[in-house]
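What follows is calculated from the coordinates using simple rules that are stated; it is not laboratory data. Bear in mind the structure is a predicted one, so any value in this text is a computation, not a measurement. As a convention, Cβ positions derive from the backbone with ideal geometry for all residues, glycine included, and neighbour counts pool all protein chains shown.
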Ligand SMILES: [Zn+2]
């Protein structure tokens, strides 16, 4: 009950938080891989008017992403409002401890928590989710009723149908061709779809999730990255000008992991362990692994070591001691300790969790990574603590009461901020 007006404010409860139904339309945007430096470069050049608006008249701060700082875990956190320990998606790729098989996350089977999007759609709020990659659409659409709800991807834009996606062919809707999955246009297509849905009154709540293709390939100062940021900023500004509350954060930052000569700075954790204990005595899982390997060669800031169940050697302590002697590693922890410290999901964790220092990439074994995929570019990637600080932007100011209720800002507070923290204008 609103004490001033006596009106009842409708809310939905999701994973322990109450979210107000949007009184103004709300768009939450995941700027995939958008390290704050990309915004800083554009801001200094005076070429990002929407970001400047957030700084001057809305809200602009930094927040901590969920660990590990990979795409699927953080997108799942954004739409559920909780860390991976509670929603279960702790990587793109994991070893199933029960079967001993490795699993690529391709659908919604790993998602253990309901989403804010599904709850809002169930409460009658026209809700749309647009992702860059189709794999993410499948994972995040869990429970979202299609028909009232919309769930589409830019990657498979032309495959959208009313019966299965809640809306028809997006290439016809936008008058644009289907974007290449390895392109800046993939992300811009997501935002253009959001604008088209807003203009046609198809949604009052949207989740728009982009791709980090540009950030993996281009440093913040590059003309390619700056052009992308300008295009992105203009589209967010358009949504705000249409009367939408626009809230944006990132799933993770992005770090240069190359040496001065341009070659990647990599610790192959599996090779280190093989040299000490013998080939095949451990299994190293790179949770960044996904079908989009051209972005990063499956190299990231965190890997998991699994011990063989049928052998006593090496033990967890053996692995800890060996890896802690490698100075390019920041943290080497027993898996359960890493889960407790960082809110990760135990069923996907290794016996040992390895986190690299800033500027260092981790791999399993050199023979298992195709560095030719980097095509001579400097390696830029994410996954560890160095990529945990991300932007947290809103087109509107946040209330003092909402801000006072937080001890620290997490990227998965973004729906809470947009729905509960923005003062409703009379
Ligand atoms: Zn990402």
* For the chain, find the longest principal axis of its Cα atoms and tell me its angle to the long axis of helix 223-241, 0 to 90°, nearest 10. => 30 degrees
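Need one number: % antiparallel among DSSP beta bridges in the chain, to the nearest 5. Mind dumping the intermediate values first?
Numbers: 34 of 58 bridges.
Given both bridge residues lie in the chain, the antiparallel proportion sits at roughly 60 percent.
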* Asked: Which value at 222 nm does the chain reach when only helices count, each DSSP H run of 4 or more adding -39,500 (n - 2.57), with the total divided by all residues and rounded to the nearest 500 deg cm²/dmol?
  -> -8000 deg cm²/dmol
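Give me the number: length gained by fully extending residue 172 to residue 313, i.e. 0.36 nm times residue separation minus the C-alpha to C-alpha distance, one decimal in nm. Provide the component values of the computation, followed by the final result.
Numbers: separation 141, 0.36 × 141 = 50.76 nm, distance 5.93 nm.
The residue 172-residue 313 span can extend by a further 44.8 nm.
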* **Stretch gain in nm, segment residue 61-residue 45, where the contour uses 0.36 nm per residue and the Cα spacing is subtracted** => 3.8 nm
* **Convex hull projection area averaged over all views, the chain, Cα basis, nm²** => 20.5 nm²
* Label-point separation (nm) for residue 162 and residue 324, each offset 7 Å from Cα along Cα-to-Cβ? -> 6.3 nm
* To do: Name the most mobile residue of 110, 408, 265, meaning the one with the largest mean-square fluctuation, in a Gaussian network model of the chain with Cα contacts below 10 Å.
  => 408
* Asked: Between the helical axis of 184-199 and the dominant principal axis of the chain, each derived from Cα atoms, what acute angle in degrees is found, rounded to the nearest 10?
  -> 30 degrees
* Structure fact -> Highest mean packing first, using Cβ neighbours within 10 angstrom, the peptides 409-416, 398-405, 231-238, 71-78 sort as 71-78, 409-416, 231-238, 398-405
* Selected from 191, 64, 320 as most flexible by GNM, with the chain as the system and alpha-carbon contacts under 10 Å -> 320
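Which of 193, 322, 11 has the fewest other C-beta atoms within 10 Å, and how do the rest follow up to the most?
Ordered from fewest to most neighbouring Cβ atoms within 10 Å, 193, 322, 11 come out as 11, 322, 193.
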* To do: Within 10 Å of each residue's Cβ, count the other Cβ atoms and sort 217, 324, 357 from fewest upward.
  => 324, 357, 217
* Name the most mobile residue of 314, 179, 260, meaning the one with the largest mean-square fluctuation, in a Gaussian network model of the chain with Cα contacts below 10 Å. => 260
